[in-house]
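Asks: Have a look at this one before I ask anything.
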Amino acid sequence: MEEDSCRPFKFHSSSYVNDHIGFCGNIKQSPNDFVVTEIDVSGQLVTKITTDLNSKETLSEQLKICQQDCKRPRLSSPEQCIEEEHCSVPSDTPSNREVGDFEDNNVFACQLDKVAMLDSLLDNSVCEQLRLFTCNMKDTWNSKSEPAVHPPEFSLGPVPDKRTRASLHCAIRQQYPYLITVTKCGEIVVKANQDYQELCHLVSEEEACGFLKFLDARIEYSKFAFKPDGNKEHRKKVHHFISKKFGKRVETKSFPDAQQNSVVVVRFRERSGFRKRTNVDCKEKQEIYTAFTLRKENLETLEAIGYLSSELGVLSSDFSYTGIKDKKAITYQTMVVKKVTPKRLKELGRSIEKKGICVANVHSTSQPLRLGQLQGNHFDIIVRNLKHHSHDCSASLKESIMEAIENVKKNGFINYYGPQRFGQGQNVQTDQIGLALLNEELVKAVRLFFTPEDTDDPVNKAKKYFLQTEDAKGTLAMLPDFKVREKMLLRALNRYGINQEGCCQSWLSIPHSMRIFYVHAYCSRIWNEAASYRIKTYGTKVVSGDLIFAEDRTANSSLNAKVHIVTSAEEMDDKYTINQVVLPMVGYSIQYPANQVGEWYHKRLARDGLQTCKFRLPALQLNVPGCYRHLLKYPHNLSYSFLKDNEHEKVTGESALEDSVTFLSMSFWLDPSCYATVCLGEIMKSDI
């Protein structure tokens, strides 16, 4: 997780489960002091990139640039000959093609091959009546005088066969896109499409027909381009109309053409496909996922993804990963990117090296990664400038350190979320933004997001400018390309305005994983405070009302069914130990402890105005069911050694001089979602 400042930050009320004194020291004085390597689901360390970032020749050898041009793959199926492109200016951009025959441009006509024509489905008399109905309807629309009275809808009569009805629906809407069809008691009824009428006030009838055919065809990865338009205000109206009417299914973006006009391009959203995938589709899907090992140094995970997405011309949401790693560190983790071939990824070579990024072990894979899809993380850490706490009167620093480490190996540590979860050292922490989102204070959330730090770099200058002027377009020009989240928000704010609705659209413009990150940060803050309260109230004794995971739970169990409430009899019998106790992450599907800790949760949420919060945010497409997290965790395979200053030689034997012990080298691994900084905090008895 990202961590980028030495500014003190209180991310929990300091409570500990061990009674040693601890010691002082510094971590992360350089990225090399903190090395994180992901452990995959099979228990193997992800292969490290052995190349040093400064070794140009070796890096070039490992990531050899391919000489041939690498174009993105195209689906071979004739019904899906749309380029595999999803977020940048496609190679088949509007500026490189004729924009006129919309059906041919987007290959929607091929969809008609899959449905029977109306002539084969309807009697000639019904076809003629349908044609007359549509003519009368269009005449009514075009008439400037008082229109004649015509039926508002037309019935095709009973169609008992379900498959025939489905074919008719599709065929009619493709042939007459200005109609809509509905089924009433087994009859197909057609009537005027009001969306078509409204769209015709903004674009030509040809474009309106082409767009509605595109929308009805629902071809995955397809796109639709309106005619080039040099009027920005008019383009904005088109964007607004499509977003308002069809925003759940499609998204829009403007691209420049050769004449310096812009073309509004529409594509389906990621999860808007409704048809079942065939085996052929699945095979094609597998061919466009590329896995690789990412090595980054002194860089946030999302920042690294921003660089890569910019270089590759894909969305940040096209990258999947198992978790976010520390910023001020050297980290190794597995990632998967879609719509990019291994060959294309390898071509990046030195272009990303200067950003502190390397990629290796590049290969095709069949599917993306999921958050938490790992066995844990391995840490190699150096703690520098070791010394006693001011209140420590013991003679031997080395003995104090050894006692602290052995205690945590035996008794574990409170499983707090680390300061990286909240944006350590920042003026506004991520949990504050999450709280604003939960309270649906969306304008406030945007302003919190753009609150600058106390530095004068270009990013913070841009943020200050935005808060002072609310000039989204001007701020956009000031930000570097890798600030992906900021740019996504600003583009939407420029389009929709800085009001409640505009800010809602801006939050929807960033990937779901980024939106939910802020809400989860708030939930993590509450969990940390609950953990401190639990330890201070009951200590390490398991008491009645505590929650433990149920012994008979299954993968399909509901969240509430996964936990068991400790009874008074079980407390008397000491049936459970403290390492079995779990606390809930707040959400709509969790069970609270049936003791003072449960009461604390309700009071704490009420204090933040969330006493009636359902943890469902339809406007932001966010649902927070909650989960459970162990109160205590333990480091695995923890080993350590002492180092001398400068020489970095291991200190062995009891005769080693105390003054020479200034570095501590530690190696261990932790379960997923556990923080090494928290484990170190318990060992050292200090906030890291």
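Asks: Could you pull out the residue among Ser400, Ser394, Ser390 that is of a type in the set (Ser, Thr, Tyr), touching a Phe, Trp or Tyr at 6+ places or on another chain (Cβ under 6 Å) and not in a strand (DSSP E or B)? If you could, list the steps in order and put the result at the bottom.
Replies: On the way: Ser394 fails: touching a Phe, Trp or Tyr at 6+ places or on another chain (Cβ under 6 Å); Ser390 fails: touching a Phe, Trp or Tyr at 6+ places or on another chain (Cβ under 6 Å).
Checking each option against the conditions leaves just Ser400.
Asks: Continuing with the same structure: Looking at the range 171-200, I want the residues that are under 20 Å from Arg218 (Cβ atoms) and have a partner that is acidic (Asp, Glu) and in a strand (DSSP E or B) with Cβ atoms under 7 Å, at least 6 apart or on another chain. Which pairs are those?
Replies: Close Cβ pairs satisfying both conditions: Val190/Glu153.
Asks: Look through the range 358-400, keep the residues that are small (Gly, Ala, Ser) and touching a Gly at 6+ places or on another chain (Cβ under 8 Å), and return whichever of them is surrounded by the most Cβ atoms within 10 Å (Cβ to Cβ).
Replies: Ser400
Asks: When you scan the range 176-223, how many residues do you find that are within 18 Å of Lys248 (Cβ to Cβ), in a strand (DSSP E or B) and basic (Lys, Arg)?
Replies: 1
Asks: Moving on to the next point. Of the residues Asp195, Asp161, only one is of a type outside the set (Phe, Trp, Tyr) and either over 21 Å from Asp123 (Cβ atoms) or not assigned by TED's automatic domain parsing to the domain that holds Val238 (or both); which?
Replies: Asp195
Asks: Of all residues in the range 176-215, which are surrounded by fewer than 18 Cβ atoms within 10 Å (Cβ to Cβ), of a type in the set (D, E, K, R) and either closer than 30 Å to Ile288 by Cβ or at pLDDT below 80 (or both)?
Replies: Hit for the range 176-215 is Lys184, nothing else.
Asks: Quick one: Ile288 ticks every box in (1) under 28 Å from Ile27 (Cα atoms); (2) out of contact with any helix residue (DSSP H, G or I) (no Cβ under 8 Å at 6 or more places or on another chain); (3) surrounded by fewer than 21 Cβ atoms within 10 Å (Cβ to Cβ) bar one, so which box is it?
Replies: Status for Ile288: all satisfied but (1).
Asks: Do you know which residues across the range 331-385 are of a type in the set (D, E, K, R), outside any strand (DSSP E or B) and not assigned by TED's automatic domain parsing to the domain that holds Ser309?
Replies: Matches in the range 331-385: Arg370 only.
Residues are listed down the side, and each one gets a yes or a no for (1) without any contact (Cβ under 8 Å) to a residue 12 or more places away in the chain; (2) surrounded by fewer than 22 Cβ atoms within 10 Å (Cβ to Cβ); (3) assigned to a helix (DSSP H, G or I):
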| position | (1), (2), (3) |
| --- | --- |
| Val428 | no, yes, no |
| Ile433 | no, no, yes |
| Leu476 | no, yes, yes |
| Asn494 | no, yes, yes |
| Met514 | no, yes, yes |
| Val519 | no, no, yes |
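Asks: Let me ask you something else. Given the condition among the hydrophobic types (A, V, I, L, M, F, W, C), outside the structural domain of Leu348 (by TED's automatic domain parsing) and modelled with pLDDT under 80, answer yes or no: does some residue in the range 225-247 qualify?
Replies: no
Asks: Give Phe319, Phe292 a once-over and let me know the one that is without any contact (Cβ under 8 Å) to a residue 24 or more places away in the chain and under 21 Å from Leu374 (Cα atoms). So that I can check it myself, show each step before the final result.
Replies: Working: Phe292 fails: without any contact (Cβ under 8 Å) to a residue 24 or more places away in the chain.
From the options Phe319, Phe292, the qualifying one is Phe319.
Asks: Hey, another quick one. Would you mention how many residues in the range 496-512 are among the polar types (S, T, N, Q), in a helix (DSSP H, G or I) and within 24 Å of Val314 (Cα to Cα)?
Replies: 2
Asks: Could you check the range 344-354 and list, in sequence order, the residues that are in contact (Cβ under 8 Å) with a residue 60 or more places away in the chain and surrounded by 14 or more Cβ atoms within 10 Å (Cβ to Cβ)?
Replies: Matches in the range 344-354: Arg344, Lys346, Glu347, Leu348, Gly349, Glu353.
Asks: Would you say Ser167 is at pLDDT below 85 and either out of contact with any Lys or Arg (no Cβ under 8 Å at 6 or more places or on another chain) or assigned to a helix (DSSP H, G or I) (or both)? Don't jump to the end; show me each part of the working.
Replies: Numbers: at pLDDT below 85: yes; either out of contact with any Lys or Arg (no Cβ under 8 Å at 6 or more places or on another chain) or assigned to a helix (DSSP H, G or I) (or both): yes.
Here the answer is yes, as Ser167 does meet what is asked.
Asks: Phe226 - would you say it is closer than 27 Å to Cys135 by Cα and either crowded, with 20+ Cβ neighbours inside 10 Å or of a type in the set (Ser, Thr, Tyr) (or both)?
Replies: Taking the combined requirement at face value, the residue satisfies it.
Asks: Only one of (1) surrounded by fewer than 16 Cβ atoms within 10 Å (Cβ to Cβ); (2) assigned to a helix (DSSP H, G or I) is not met by Asp454, so which one is it?
Replies: Answer for Asp454: the failing condition is (2).
The values are calculated or read from the model by the stated rules, or taken from the named source; none is laboratory data. These numbers were taken from a predicted model, which means no experiment stands behind them. Methodologically, a virtual Cβ is constructed for each residue, glycine included, from the backbone with ideal geometry; neighbour enumeration extends over all protein chains shown.
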